[in-house]
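Before any comments, here is the structure.
Readers should treat all values here as calculations from the given coordinates under stated rules, not as data from a laboratory. Everything numeric in this text was worked out from a predicted model, so none of it was measured. Note: ideal-geometry Cβ built from the backbone for every residue, glycine included; neighbour counts use all protein chains shown.
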Amino acid sequence: YIKKSKRIKVYMNDYDSKMYLSNLEPETKTLETFMVKMDGNYFANPEARYIPFYSPEYKKYFSIMYFDFPKVYGYDNKEVYLTVNKDDMINPEYGTKDNPVPVLKMVGVHESIRDNDRDYDKAYMDSFYRENVIRYLKYKMPKSEFKRRFKNKE
C-alpha cells in the first residue's frame with residue numbers, strides 16, 4: 001500500500017465551506033471507535049477522526065483519516081499535500097461521497113500545519129504515515145477489499 005502511494009496538491013477551503021461533507025450533512029461520520037475482541041472481551045481500540053471533503057481539482061471526494069490525534073491546525077484556506085494510494089485514485093469505486101479516497105497523510109505546502117514544524121521532520125512523518133496505513137488496513141479497509149488487493153502478494 002505504501003509503495004503505491006503518491007502525493008497530490010489540493011486547496012483546502014475555509015472550515016465553513018460546503019466542500020466539507022460535515023457542513024452539508026450533519027450525520028456525516030467524523031469520529032469512529034473500533035472494537036477489538038480479545039479473549040472474549042471487547043476493547044475500544046483505536047479511535048479515528050475523519051475530515052471528508054470534495055476536491056474540485058480532482059472531482060473526487062477524499063477523507064483525511066487520523067488514527068491518533070496529532071495537533072493539526074490551520075489547514076483551511078491553504079494548499080496541502082495529500083498522500084493517497086495510486087490504485088484508489090484510478091479505481092472508479094473510490095472518490096464518491098459514500099466511498100471517498102482515503103488520505104493517510106496531509107502536510108502543508110508553504111507552511112507546517114503541525115506543532116513544532118513536524119511536517120518537515122521526515123522521520124516523524126514517515127513513522128506517522130506508516131502507523132496510519134497499518135491502522136487503516138487493520139481496522140477500516142473492508143476485509144474483502146484487503147483480500148482482493150493483497151492476497152498472495154508480498
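Figures for the structure shown
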item: Label point distance in nm, Phe150-Glu47, each placed 7 Å from Cα along Cα→Cβ; result: 2.5
item: Contour minus Cα-Cα distance for Lys3 and Ala123 (0.36 nm per residue); result: 41.5 nm
item: Amide H within-cut-off set for Val101, under 5 Å, with H built and near neighbours excluded; result: Tyr61, Phe62, Ser63, Gly95, Thr96
item: Residues with amide H under 5 Å from that of Ile113, placed H, sequence gap 5 or more; result: Gly108, Asp119
